[in-house]
1. Give segment 169-207 a look and list any residue that's in contact with a Phe, Trp or Tyr (Cβ under 6 Å, 6 or more places away or on another chain) and not in a helix (DSSP H, G or I), or say none.
2. Being among the aliphatic types (A, V, I, L, M) and surrounded by fewer than 17 Cβ atoms within 10 Å (Cβ to Cβ) is the filter; apply it to segment 359-379 and report the residue that is modelled with the highest pLDDT.
3. Are any of the residues in segment 123-143 polar (S, T, N, Q), in contact (Cβ under 8 Å) with a residue 24 or more places away in the chain and out of contact with any Lys or Arg (no Cβ under 7 Å at 6 or more places or on another chain)?
4. If I filter segment 209-218 for residues that are at pLDDT 95 or above, under 20 Å from Gly156 (Cα atoms) and open to solvent by less than 60 Å² (accessible area, probe 1.4 Å), do I get at least one hit?
5. Among the residues of segment 219-266, which ones are in a helix (DSSP H, G or I), within 24 Å of Phe157 (Cα to Cα) and either touching a residue at least 40 places away in the same chain (Cβ under 8 Å) or open to solvent by 50 Å² or more (accessible area, probe 1.4 Å) (or both)?
6. Here is a check on your reading of the model: is Ile61 at pLDDT 95 or above and more than 16 Å from the chain's Cα centre (by Cα)?
7. Could you figure out which of (1) over 23 Å from Glu167 (Cα atoms); (2) out of contact with any Phe, Trp or Tyr (no Cβ under 8 Å at 6 or more places or on another chain); (3) at pLDDT below 95 isn't true of Ala111?
Amino acid sequence: MYEQEHGPLAGFTVGVTAARRADELAALLRRRGAAVVHGPALRIVPLADDTELVSATRDLIAHTPDVVVATTAIGFRGWVEAADGWGHGEALLACLGRAELLARGPKVKGAVRAAGLTEAWSPSSESMAEVLDRLLAEGVAGRRVALQLHGEPLPGFVEALAEGGAEVVGVPVYRWMPPEDIGPLDRLLDAVVHRALDAVTFTSAPAAASLLTRAADRGVKDELLAALRHDVLAVCVGPVTAVPLQAHGIDTLQPARFRLGPLVQLLCQELPSRARSLPLAGHRVEIRGHAVLVDGRLHPVPPAGMALLGTLARRPGWVVSRADLLRALPGAGRDEHAVETAMARLRTALGTPKLIQTVVKRGYRLALDPAADAKYADG
């Protein structure tokens, strides 16, 4: 009954690597109860300042392409607005009007029409693979194809067109660069490596590649890969975004529809389903990333307490020694008194002290209900 009060992601911490639309994604996550760590892995070069885009635009105006593929609405709008600022707006629209204009999906189609143009075709699937199939079926030999790049790799797309005999002109509508302030990205990277995040989200392939590169620069790439392979869920907005991670053997999850909303809904399903749920002392206890649900009521728990609880939960009902618990405490040193202090705070945070039993001269154990003993007997 308390689930509706705190949201499905309460007690979980989610990392956000996005630069563009990061605020929107963070707001969606927080609205569902998550704590958010934002470390933008990239920054976007402003269109008006991008000399590569100016050069590509002038080239297209001087040599009209046969086909133009528009891939993102924000990129297409930004391109037209930037060209207008350079004094090339009318010439660019005239150029695009003479070409066969293909729009990848309804949002791009809307941007095309808002600019006073009409697309020749748009795939219902929003898939670049379908765009490629159409172009190859039409035949591209000897044709000039302008492709609006959108910061993510398009595996095989350009190569397939070139093999078909097309001249492909890339239009770099926005380019990714490393962030000017690397601090937030380093903090997010540290949080992944230390398993302080339950999941990390990626909305572009360059962001995923940038995180991997930064980890390599800091000498923690192996630790990052280990965390993402085993403990921290990597969630990507789509399969293209996942390519750099999958190349390193990281399993990723993607929503069926490549949008922020479905990505958040996927997290709402996955993270609670992965939480450990135990019957303890007549209560239903669910252990989440930085909080615990006791009979559906949310109890935030400090990191030391979560470390103890996680260690006890690996073998529910079994006694864990103070020495073993001490090793689980972050930075506790050698004083077993630190275990007693952290345990007292954990019991206070849970609001139900009897969930954890003290076994005199031996240690502590979770008060697993007798009916559940057989299920958890082997840990």
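The values are calculated or read from the model by the stated rules, or taken from the named source; none is laboratory data. Worth saying up front: this structure is predicted, and the values here are computed from it rather than measured. Neighbour counts run over all protein chains shown; Cβ positions are idealised from the backbone, glycine included. Ligands, DNA and RNA are stripped out before the accessible areas are found, and what is left, the full protein with its side chains, is counted by its heavy atoms. Shrake-Rupley method; radii C 1.70, N 1.55, O 1.52, S 1.80 Å.
1. Correct list: Val173, Asp198.
2. In this case the residue turns out to be Val359.
3. no
4. Looking for residues that are at pLDDT 95 or above, under 20 Å from Gly156 (Cα atoms) and open to solvent by less than 60 Å² (accessible area, probe 1.4 Å), one finds none in segment 209-218, hence no.
5. Across segment 219-266, the qualifying residues are Pro239, Val240, Thr241, Ala242, Val243, Leu245, Gln246.
6. Judged against the criteria, Ile61 is a match.
7. Against the list (1) over 23 Å from Glu167 (Cα atoms); (2) out of contact with any Phe, Trp or Tyr (no Cβ under 8 Å at 6 or more places or on another chain); (3) at pLDDT below 95, Ala111 comes up short only on (2).
Table: residues versus (1) open to solvent by 80 Å² or more (accessible area, probe 1.4 Å); (2) touching a strand residue (DSSP E or B) at 6+ places or on another chain (Cβ under 8 Å); (3) not in a helix (DSSP H, G or I).
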site: His299; (1), (2), (3): no, yes, yes
site: Thr311; (1), (2), (3): no, yes, no
site: Trp318; (1), (2), (3): yes, yes, yes
site: Arg345; (1), (2), (3): yes, no, no
site: Gln357; (1), (2), (3): no, yes, yes
